Amino acid sequence: MDGCWNRNCVQRGARFSRMAQENRKLVFERARRIMELPLEYVPNEQFERWSRDRKTENEVLGPMPACNGSPGKAQPPSGVAPYVASLYEVPLLTREQEVHLFRKMNYLKYKASRLREGLEPSRPQQALMARIEKLYEELVATRNHIVCANLRLVVSIAKRHVGEAQDIFELVSDGNVSLMRAVERFDYSLGNRFSTYATWAITRNFARTIPEVLRRRGRFRTCHSELFTATSDVRTSQHELEALQHGRERLLDRILRRLSNREREILVCRFGLRRGSEPQTLRQVGDAMGVSKERIRQIEARALGRLREIVVQERPRGSAGGSVSWRGKRPDNGVEGRALP
């Protein structure tokens, strides 16, 4: 009987020890996440004074002023895309509301940052971490309010920059990223409206990225076209023409095989390199692969950069029968590439 009781005590003690270790791991992981929170704020000399004045601090952190005389919620134009129509659900901000939200967001960052300075990751305090997390949740909600109230501005700017061969929602996606960066960097104390600063930031980003994207796509298409037309063909035999075409397709496939499977598939889909297929948008490729448009954009840019390096390093020379000699290392242990289906 005593032996059974002792075994039960030992087992309960072991379980308690494991639970205590797991809880400590969770606490340390929580502290690590808090130390990595993005709390960079736009400095303001008033922050320290507000932290010592409870009444003023309550006003700064209080609710947003009423929208007296503001444009408020507007009806979306008829025939617009559902995404654009949904943006009209969030009213535009008045100057007073805008100043309040930016002041509140940055002051919350200031308070959370000051509290985090007293957090020791090796000996984290639960109460202190809870206070920091509460401030961070509130500042994220404030920032999201600002962003949502200005998404219509992004669409308006994107409409002025979209070209015939571009997807406006790709520009809107880029513009939304620029908008969020602008929210983080805007200094409300200078007296300017945020829409003025955001318009400048978004337009500058479009002016830099749109020509680069078009140049990159055009260069890829040009290289792709030149790859298939580099050798002049004066023969009339249909069999020889088909053999040459097959050789050129193998050449393209061999170059693409130097990329990873994901990079190759994204380029094939984005530029319509598979027979009978059309180029797809970032959204279409992202939906098919289960990732975001922005992730597809990043992988595409990386793959195009690698592709340019490969073409420069191992420039192909095609012969009549489609055989190819390579300068440098043969790809994939010299195994012949399979033509794209």
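Are any residues in the stretch 124-169 assigned to a helix (DSSP H, G or I), surrounded by fewer than 18 Cβ atoms within 10 Å (Cβ to Cβ) and of a type in the set (Val, Ile, Thr), and if so, which ones?
Selection gives 140, 147, 168.
Of the conditions (1) within 30 Å of residue 49 (Cβ to Cβ); (2) within 28 Å of the chain's Cα centre (by Cα); (3) modelled with pLDDT under 90, residue 68 clears all except one; give me its number.
Failed condition: (2).
Would you confirm, using the coordinates I've provided, whether residue 88 is loosely packed, with under 15 Cβ neighbours inside 10 Å and either over 26 Å from residue 191 (Cβ atoms) or of a type in the set (A, V, I, L, M) (or both)?
Answer is no for this residue.
What are the residues in the stretch 77-113 that are among the basic types (Lys, Arg) and modelled with pLDDT of 95 or more, if any?
The answer is 103, 104, 109, 111.
Kindly check whether there is at least one residue in the stretch 144-157 that is modelled with pLDDT of 95 or more and charged (D, E, K, R).
The answer is no; no qualifying residue exists.
Out of the residues in the stretch 1-37 that are part of a loop (DSSP other than H, G, I, E, B) and modelled with pLDDT of 90 or more, state the one that is least open to solvent (accessible area, probe 1.4 Å).
Selected residue: 37.
This table checks each residue for (1) open to solvent by less than 80 Å² (accessible area, probe 1.4 Å); (2) modelled with pLDDT under 55; (3) within 28 Å of residue 171 (Cα to Cα).
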{"site": "217", "(1), (2), (3)": "yes, yes, yes"}
{"site": "223", "(1), (2), (3)": "yes, yes, yes"}
{"site": "228", "(1), (2), (3)": "yes, yes, no"}
{"site": "233", "(1), (2), (3)": "yes, yes, no"}
{"site": "249", "(1), (2), (3)": "yes, no, no"}
{"site": "269", "(1), (2), (3)": "yes, no, yes"}
{"site": "281", "(1), (2), (3)": "yes, no, yes"}
{"site": "296", "(1), (2), (3)": "yes, no, yes"}
{"site": "306", "(1), (2), (3)": "no, no, yes"}
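Could you tell me which of the residues 75, 97 is in contact (Cβ under 8 Å) with a residue 12 or more places away in the chain, of a type outside the set (Val, Ile, Thr) and exposed (fewer than 15 other Cβ atoms within 10 Å of the Cβ)?
75
Given the condition among the charged types (D, E, K, R) and either modelled with pLDDT under 60 or open to solvent by 30 Å² or more (accessible area, probe 1.4 Å) (or both), answer yes or no: does some residue in the stretch 170-179 qualify?
no
The values are calculated or read from the model by the stated rules, or taken from the named source; none is laboratory data. Source: prediction; values computed, not measured. So basically every Cβ, Gly included, is an ideal-geometry build from the backbone, and we count neighbours across all protein chains shown. We work out accessible area using only protein heavy atoms, side chains counted, and drop any ligands, DNA or RNA first. Shrake-Rupley method; radii C 1.70, N 1.55, O 1.52, S 1.80 Å.
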